[in-house]
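*Asks:* Dropping a structure here in structure tokens format, bear with me for questions.
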């Protein structure tokens, strides 16, 4: 048996391509499939909280940085300001976030987590821990570290320069 026969045997043992053909070999396609699986599990894990990934990210960052402004929040989360404003509006309407005047500049608004938001974030962090256990259980600790580094290369701010 030569190298090609061995490769074909390994491919056959790995199963078919799911009927998608050559796109199964595309990195971007596999990232999309992986994202879909992760997103579905996240939504199942968070269904009882009625929060989205972006809402949890905003609340978590505001919790870690009380008094952060919306523009800075958008920059750190790599989202446009209009999207962040819509998320903040929804979270404020639910009583999770409060907009306050900046101490030095009354025209500027900063964000603070409200008590209800803190309580929701405690539940969300527990759900995230469950979700992360599910996700990382597929990899060794070394592989998780490597995966994080590889993903960071894709989403780093320098990726588009």
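The values are calculated or read from the model by the stated rules, or taken from the named source; none is laboratory data. Everything quoted here is computed from the prediction, not taken from an experiment. So basically every Cβ, Gly included, is an ideal-geometry build from the backbone, and we count neighbours across all protein chains shown.
*Asks:* Suppose we keep only residues that are more than 16 Å from residue 35 (Cβ to Cβ) and surrounded by 10 or more Cβ atoms within 10 Å (Cβ to Cβ) within segment 123-135. Which one would you say is nearest to the chain's Cα centre (by Cα)?
*Replies:* Top of the filtered list is 128.
*Asks:* Suppose the filter is in a helix (DSSP H, G or I), under 17 Å from the mean Cα position of the chain (by Cα) and modelled with pLDDT of 95 or more; does residue 151 pass it?
*Replies:* no
*Asks:* Got a number for residues in segment 15-73 being outside any helix (DSSP H, G or I) and either under 21 Å from residue 133 (Cα atoms) or touching a residue at least 12 places away in the same chain (Cβ under 8 Å) (or both)?
*Replies:* 7
*Asks:* Go through (1) at negative phi; (2) touching a helix residue (DSSP H, G or I) at 6+ places or on another chain (Cβ under 7 Å) and name the single condition residue 95 misses.
*Replies:* (1)
*Asks:* Restrict the check to segment 48-61 and report whether at least one residue is in contact with a strand residue (DSSP E or B) (Cβ under 7 Å, 6 or more places away or on another chain) and modelled with pLDDT of 90 or more.
*Replies:* Within segment 48-61, one or more residues are in contact with a strand residue (DSSP E or B) (Cβ under 7 Å, 6 or more places away or on another chain) and modelled with pLDDT of 90 or more.
*Asks:* Still on this structure, please answer the following. Evaluate segment 90-98: report whether one residue or more is touching a residue at least 24 places away in the same chain (Cβ under 8 Å), assigned to a loop (DSSP other than H, G, I, E, B), under 20 Å from residue 130 (Cα atoms) and out of contact with any strand residue (DSSP E or B) (no Cβ under 6 Å at 6 or more places or on another chain).
*Replies:* no
*Asks:* Checking residue 107 against (1) surrounded by 11 or more Cβ atoms within 10 Å (Cβ to Cβ); (2) outside any helix (DSSP H, G or I), only one condition comes out false. Which one?
*Replies:* (1)
*Asks:* To continue, here is another question. Scan 94, 81, 90, 99 and give me the residue that is surrounded by 14 or more Cβ atoms within 10 Å (Cβ to Cβ) and over 13 Å from residue 118 (Cα atoms).
*Replies:* Of the residues listed, the single one that is surrounded by 14 or more Cβ atoms within 10 Å (Cβ to Cβ) and over 13 Å from residue 118 (Cα atoms) is 90.
*Asks:* Hey, another quick one. Scan 62, 98, 112, 58 and give me the residue that is within 17 Å of the chain's Cα centre (by Cα) and farther than 28 Å from residue 28 by Cα.
*Replies:* Only one candidate passes the filter, namely 62.
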